[in-house]
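Nothing in this text is a laboratory measurement; each read-out follows from the coordinates by a stated rule. In this text the structure is predicted, and so the values were computed from the model without any measurement. Ideal geometry is used to build each Cβ from the backbone, glycine not excepted, and the neighbour counts take in all protein chains shown.
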Amino acid sequence: MTTPVQSSPRDTYLRLHQTIASVVQGQETNIRRLLAALAGGGHVLLDDFPGTGKTTLAKVLAKALTARFTRIQFTPDLLPSDILGVAIFNQKSADFEFHEGPVFTNILLADEINRASPRTQSALLEAMAEAQVSVEGERRALPELFFVIATQNPVEFRGTYPLPEAQMDRFALQLELGYLPPEVETELLGAQMREHPLERVRPCATVDDILALRRAVQEVEISAELRRYIVDLVAATRKTAGVRLGASPRASLALMKSSQALALFDGLGWVTPEQIQEMAVPTLAHRLVLDPQAQFSGLNQRTMVQDILRRVPVPV
Amino acid sequence: MKILQSLRTRPLLVPALALWGWQTELLPWALLMGGLLELPRWVRPRLDIPVADFNRLWNFSTLLFLGVGLYLFLAREGLSSVGNMVSSETPGGRLDGLRVISQTALVFLRWLPFVLFPFVLAFSWSRLEALPWTTFSLYARAKASRNEESDWSTLQLQPQHPYLVLVLFASLAATGNPQGYLAAFVGVVAVALWPWRNPRFAWWQQLGLLALILGLAYPTQRGLSQLREAWQNLEGRLLQTAGAGNMDQFRTVTALGAVGQIKQSGGIVLRIRPADTQAPGLLREAAFNRFRGRAWSSSHRDFAAVGTATEGDVWRVVAGRRVTQVFTVSRYTSGGQAPLALPGSLLAVRDLPLSQIETNYLASARIQDGPTLVQYQVEAGEGGGFDGPVEAEDTQLETLAPADVEVITEVAGQLGLAGLKPEAAIETVERFFASRFEYSLWQRRLPTTTNGSPLAVFLRQTRSGHCEYYATATVLLLRAAGVPTRYVVGFSPEARGEEWIARCRDAHAWCLAWVAGRWRDVDTTPGSWREREWAQAGWWEGISDLISEIWFRFSVWRQTGGNWQLVVFAVAALVLSWLAWRQLRGSRWRRSRPPTQERPVGPPPPGLDSEVFELIRHWERRLDPRQPPETLTTWIRRLGLFERMDSAALAEAVLLHQRLRFDPRGLPPVERERLRELVRRLRLTS
């Protein structure tokens, strides 16, 4: 039997997974994918109905890490400077002093991101893509571990601003938690009768652990054949009827990195086709823009990608 | 959408097909079909038919559709009905054709459930939920293959829904059992819509409404059929009176330039096959004796039937004369009517496939209500012809315009025609035109609002023109000399191999002069006219001649009783079979092709020597083939192999195989050997 390439980073993953799963019940697969995005260096968008545990998932991840965590509640009157920071004139030093905004953190929870104006949403673009912000003409680097978990609610449209395609592309994954099966939800009620399990969460990993995990993910091998398979999948999204805008090369990168992370989580030093197929829908679906006709006929991005997975031949 | 959902959840095809079978008296078949279509609701096995095969199956169904349509069209006299609709002179004939066509369409509609049944059956037993729109449209398929976007390309369709509608329509087209049909039809539709009735009303109110609808529908239906009967009676009376008026006689007038107009075409009008090598000579179609303005007309417009054929199909014009010339003429008719091209010395006409011929005093002959192509044999000889004797009109110059009278008198004076014997006068006129005139194709449009005489222009100024001018001038000059004359139009055939043909270009006009007690052809047009006309022939004339010849032979074959419907059907069957064969061939070819993955460039991927591929081939042969987008693990799980054999060994083998294939660092020798051993073990147990 093969031995894992690095045991320590995988242990980090297992500890984190166990800790988060103890609070967010019935979401093992989504926790695994969330951590894959964290380990792969991407950001995550949680898109689901209110009360399905999006914010809890983000908070428990922040609490499980010994890392700086900030939360921004997005509202229509939120300004870019409320996120990035602002330079204030110090009369004593007769100079402008920069006061860092909440974006200077390790884990950023952008709650209900689609309630802010596009201008404010765009303030996050540079931070998410390049791990830096430009304020007052000066570039300021963000911490080495900078992970954005954004949430949004798909059913409310009044007073919201749908994320532009460019911003959607910045998110490595979009996860939908969905409602729990009745038996799991019953267990959840029992677990939270007296106190929220979140209160009991203690940090189980440090920033250095996560950085080590990321480095280990970069060491996971992926063959040229599977890299081509990823490219074929992404290219198929651009040729599929009903899709007006397909996935970008950034999507190929996100799919590769998150598949590498999954391989590491599975204790493998190389990527298998199964891991790519597992991550295809979360990494590609939210980047597609469909035709109105396709939407009218009941298709959505997820079914489109699933259909592509059923069409593109896979190496064995 | 709700209706569609209701169709999906209710086995409505059985009652709909039963309704259709009841009407078409095919009830056992219909029940069997309905049972086969709805059975998959209760049984689990399904066929794994890919969409590509449905595309081919749809192509088959389309070919079947065309084949059945063609068969019905031909078997039910479709072509001749369309021909009647187009060519019939009477509204009644056209309506009859229309009626046959509509009855054929109804029969076709009645049979359509059979035609599309294989396709719907295959879909019912397949795993697919719906078919993409591209299956049903070649155009959409072509667009999809070019990766072009289309508004309809993402639409999906369940074939049972349109099939249900089709079956109901087909049941409407049948008229087997009208009693109770309406109630059954409304019942099927009501069952389909019942779950979506208005909840504000109780069930008995809904049923009452249904009963009310039926109660009103039956009297309405009876009223409609009475109305239809009344209309049919009225239609019959209208048709008795419609079309009773005589049609205009043709060829009673010809203006100068009319023949010239005809001459501009090279189309073949007459085909003449002589019994020997003798030239048929001039064949006349109409004769005229009155010139007024610039047009020739006939003083005898009335045609009379020559009587019935004797001795079989012989119309004998002159009896007791020796036949010196025999030839067969073929020509197409226009709506059944045509002038008969005949020689001046006609003795008899044979083999005309109709009951009568009409002639007039000036020896013009014609047929009415003939077939599309007529063929008749002409016998000619000395003393033949049926021209009426000389009458006053044949010498008349008074009807001419003053300008024409003036020029004719002037030229006749110059030639000294007055007092000459007829033969001498003819000779003088012939010499006059031969020596001083030339043939030209010039056909300047003549002024119609002035008093200018085209004849005066021809005789005095241009001295050049085509046959109509020569013939008119000859007729009038000879009349000035006291010779009775008539103006004749017809054809001067040209030789082509063993047969003779007369093209439009060979249309000709000449003079008929009364000499020594009989009518004689006098043609003063210079002999060069044929060469000049030939020079006008287009390069395409050979091609059009070939097509014309083929069509002519086909028409003759049809006329002589050839089963043309069989030939059309055979050709269509060949074409459809070829298309079907292409589908089959395409199917095999596509299946044998590897998946549409592009061949990777560069060195072959590692691990292709893995022994697991042997296992894969083995399982593919014995169990179910792996679909190209299935990973190895997914496929093995689908086959249930983890439960059927040593799952630990299988999982380890798969993992080692994947490492061999997808880890660029490869597999260490020990683990490579382990993989071989595992495969050997699995091979033995599987």
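Quick one: which residues, 5 or more positions from B:VAL269 or on another chain, have an amide H under 5 Å from its amide H? H modelled 1.01 Å from N in the peptide plane, none for Pro or chain starts.
Residues meeting the amide H criterion: B:ALA502, B:ARG503, B:CYS504.
Give, rounded to the nearest 20 debye, the magnitude of the charge dipole that the range B:613-670 has about its Cα centre when Lys and Arg contribute +1 at Cβ and Asp and Glu contribute -1 at Cβ.
Values: 10 positive and 8 negative charges, 26 e Å.
Value, rounded to 20: 120 debye.
If you plug each phi of the range A:26-42 into the Karplus form 6.51 cos²θ - 1.76 cosθ + 1.60 with θ = phi - 60°, what whole-Hz ³J(HN,Hα) values come out, in order, with x for Gly and Pro?
With coefficients 6.51, -1.76 and 1.60, one gets x, 10, 4, 5, 5, 5, 4, 6, 4, 5, 5, 5, 4, 6, x, x, x Hz.
Counting only residues 5 or more places away or on other chains, whose amide H sits under 5 Å from the amide H of A:THR206 once H atoms are built in the peptide plane?
A:THR66
Please list, ordered by chain and number, the residues whose modelled amide H lies under 5 Å from the amide H of B:GLN325; skip anything fewer than 5 residues away on the same chain.
Here the answer is B:ALA380, since their amide H atoms fall under 5 Å of that of B:GLN325.
In whole Hz and in residue order, list the ³J(HN,Hα) couplings for the range B:371-379 that follow from phi through the Karplus curve 6.51 cos²θ - 1.76 cosθ + 1.60, θ = phi - 60°; x for Gly and Pro.
Running phi through 6.51 cos²θ - 1.76 cosθ + 1.60 with θ = phi - 60° gives x, 4, 10, 10, 10, 9, 9, 10, 10 Hz.
In a Gaussian network model over chain A where Cα atoms closer than 10 Å are linked, find which of A:PHE69, A:PHE147, A:PHE96 has the largest mean-square fluctuation.
Top of the fluctuation ranking is A:PHE96.
Going by a ≥ b ≥ c, the root eigenvalues of the Cα gyration tensor, does the range A:209-316 fall in the rounded group (a/c under 1.5), the prolate group (a/b larger than b/c) or the oblate group?
Numbers: a/c = 2.58, a/b = 2.00, b/c = 1.29.
In terms of gyration-tensor shape, prolate.
By the gyration tensor of its Cα atoms, with a ≥ b ≥ c the square roots of the eigenvalues, what is the shape of the range A:1-159: rounded for a/c under 1.5, prolate for a/b over b/c, or oblate? The partial results should precede the final answer.
Values: a/c = 2.50, a/b = 1.48, b/c = 1.69.
Since a/c reaches 1.5 but b/c is at least a/b, the shape of the range A:1-159 is classed as oblate.
So what J values fall out for the range B:573-580 if you push phi through Karplus, 6.51 cos²θ - 1.76 cosθ + 1.60 with θ = phi - 60°, rounded to Hz, Gly and Pro as x?
Once rounded to whole Hz, the list reads 5, 4, 4, 5, 5, 4, 5, 5.
Okay, helix-only estimate at 222 nm for the protein assembly as shown: each DSSP H run of n ≥ 4 adds -39500 (n - 2.57), divide by all residues, round to 500 deg cm²/dmol; what do you get?
Working: 35 runs with 481 residues, N = 1002.
Result for the protein assembly as shown: -15500 deg cm²/dmol, rounded to the nearest 500.
Placing one identical point scatterer on every Cα of the protein assembly as shown and ignoring solvent, what is log10 I(q)/I(0) from the Debye formula at q = 0.07, 0.09 Å⁻¹?
-0.85, -1.08
Could you check how many percent of all C-alpha pairs in chain A are farther apart than 35 Å?
Details: 10710 of 49770 pairs.
It works out to 22 percent of all Cα pairs.
With point charges of +1 on the Cβ of Lys and Arg and -1 on the Cβ of Asp and Glu, referenced to the Cα centre of the protein assembly as shown, which listed residue (A:ILE88, B:ALA363, B:VAL575) lies farthest in the positive direction of the dipole?
Checking the options against the dipole of the protein assembly as shown, the answer is B:VAL575.
Decide, for the range B:316-373, between rounded, prolate and oblate: order the square roots of the alpha carbon gyration tensor eigenvalues as a ≥ b ≥ c, take rounded if a/c falls under 1.5, and otherwise choose prolate if a/b is larger than b/c, else oblate. Write out the running numbers ahead of the final one.
Values: a/c = 2.07, a/b = 1.63, b/c = 1.27.
The shape class here is prolate.
Grab the Cα-Cα distance for B:ARG292 and B:VAL306, subtract it from 0.36 nm times how many residues apart they are, and report the gain in nm with one decimal.
Working: separation 14, 0.36 × 14 = 5.04 nm, distance 2.96 nm.
Additional length available on full extension: 2.1 nm.
Rank A:GLY101, B:ALA456, B:VAL82 by how far each Cα sits towards the positive end of the charge dipole of the protein assembly as shown (+1 on Lys, Arg Cβ; -1 on Asp, Glu Cβ) and give me just the farthest.
Sorting the options by dipole projection puts first A:GLY101.
Most fluctuating residue of A:THR55, A:THR19, A:THR206 in a GNM of chain A with Cα springs under 10 Å: which is it?
A:THR206
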